[in-house]
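Worksheet for the structure shown next.
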Ligand code: ADP
Ligand code: MG
């Protein structure tokens, strides 16, 4: 495309909240035949709310206090939900030491002399915590599309926390339009298989890959490219950054983390998937103009 048509396209894009990093981003988007997208924060609002707490041999207030303590230094949307719930119940959040993030799994730390681990089944397996008592409840919550995390204190299961996160109202029509345009639509998430399938059930989604670490997200992009696909990846999180960087077109959500935006070549300011439909049309119009 000519420099002029690229300038026009980036100006139009900006007006509708779609920022292209460079001319290549505008031109490549036209040829994309596969859209991969993250679930949490991309398809969903990314504002999960705590909907249920189950306790195992501990008081609810203690479960929430330990959970909030170990989430306080975290930047994950699930962390914000835990803190908000603890605050709403007037719980004093204790100080955590030795805080560490297990990316795509959860968080760990110490409160006084208690070892605290909060996260998904993978984290519990890593910490050798027996979650048997919570298994059935966890699975029925996931089947409703909830995200489930477990709290372990000194290696013992103490709580189950369930979170609900609404699918963005713009997501369903945007995915419908993209499928209509012939794109293969792939959901990619670090969340569980059951939760991912429950969320995808009402949407135009061709494939679901769940339980994916940041490296696995990147491998899936690599595999699709190896099949000869032109791949766009939309994501919002730190865990999406390697996949965003590897895709033919990385699409960052304006409401997402800085590292996701930096790894992307297109940014959707409103974090709205409809922006992908518009960006694609703009890309096609730009190239057609100068031919
Ligand atoms: P997604 O790919 O859907 O954006 P992530 O890779 O960020 O999800 O997280 C995957 C899973 O890891 C979450 O569903 C949750 O179970 C767990 N997890 C990640 N971060 C945290 C955290 N700060 N606290 C508890 N659990 C977490
Ligand atoms: Mg995400």
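Model label sites at residue 270 and residue 112, defined 7 Å from Cα along the beta-carbon direction, differ in position by 5.0 nm.
Rounded to the nearest 0.05, the FRET efficiency derived from the C-beta distance between residue 225 and residue 262 at R0 = 30 Å is 0.90. Fewest-first ordering of 2, 189, 267 by other beta carbons within 10 Å of each residue's beta carbon gives 2, 267, 189.
Pairs of Cα atoms nearer than 8 Å and 6+ residues apart set the relative contact order; for segment 132-291 it is 16 percent.
Starting from the alpha-carbon convex hull of segment 196-291, give the projected area averaged over all orientations, in nm².
Working: hull surface 28.2 nm².
Approximately 7.1 nm², given one-decimal rounding.
Tell me, what is the percent relative contact order of segment 230-291, built from C-alpha pairs under 8 Å that lie six or more residues apart?
Numbers: 102 pairs, mean separation 15.6, N = 62.
The normalised contact order for segment 230-291 reaches 25 percent.
Across all directions, the average projected area of the convex hull around the alpha carbons of segment 116-195 is 6.1 nm². For segment 49-164, the equivalent ellipsoid derived from the alpha-carbon gyration tensor has semi-axes of 19, 16, 14 Å in decreasing order. Principal-axis analysis of the Cα atoms of the chain puts helix 171-180 at an angle of about 40° to the longest axis.
Here the extension length gained between residue 181 and residue 51 equals 43.1 nm, from 0.36 nm per residue of separation less the Cα-Cα distance. Exposure proxy for 51, 42, 194, 286: other Cβ atoms within 10 Å of each Cβ, ordered fewest to most, give 51, 194, 286, 42. Look at the alpha carbon pairs under 8 Å that are at least 6 residues apart: their mean separation over the length of segment 49-164 gives a relative contact order of 30 percent.
The angle separating the long axis of helix 214-226 from the principal Cα axis of greatest extent in the chain is about 30 degrees. Starting from a Cα-only point model with no solvent, please compute log10 I(q)/I(0) by Debye for the chain at q = 0.11, 0.13 1/Å. The computed values of log10 I(q)/I(0) come out as -0.65, -0.85. With 5 Å bins beginning at zero, the pair-distance distribution over Cα atoms of segment 236-280 amounts to 6, 30, 34, 22, 8, 0 %.
For residue 170 and residue 133 in one chain, what is 0.36 nm times their gap in residues minus the Cα-Cα distance, to one decimal in nm? Write down the numbers at each step before the final one.
Numbers: separation 37, 0.36 × 37 = 13.32 nm, distance 3.81 nm.
Residue separation times 0.36 nm, minus the Cα-Cα distance, leaves 9.5 nm.
Of the beta bridges in the chain, as assigned by DSSP with both residues counted there, near 60 percent are antiparallel. For a modelled paramagnetic label at residue 156, 7 Å from Cα along Cα-to-Cβ, the residues of segment 37-75 in reach, with backbone nitrogen under 12 Å, are 56-59.
Model label sites at residue 144 and residue 213, defined 7 Å from Cα along the beta-carbon direction, differ in position by 3.2 nm.
Here the calculated FRET efficiency for residue 22 and residue 92, from their Cβ-Cβ distance with R0 = 41 Å, stands at 0.25, rounded to the nearest 0.05. With the simple spin-label model, which puts each label point 7 Å out from Cα in the Cβ direction, the residue 8 to residue 206 separation comes to 3.2 nm.
FYI, it's all coordinate maths here, none of it is from the lab. If you're wondering where the values come from, they're calculated on a predicted model, not measured in any experiment. We place every Cβ from the backbone using ideal geometry, glycine too, and count neighbours over all the protein chains shown.
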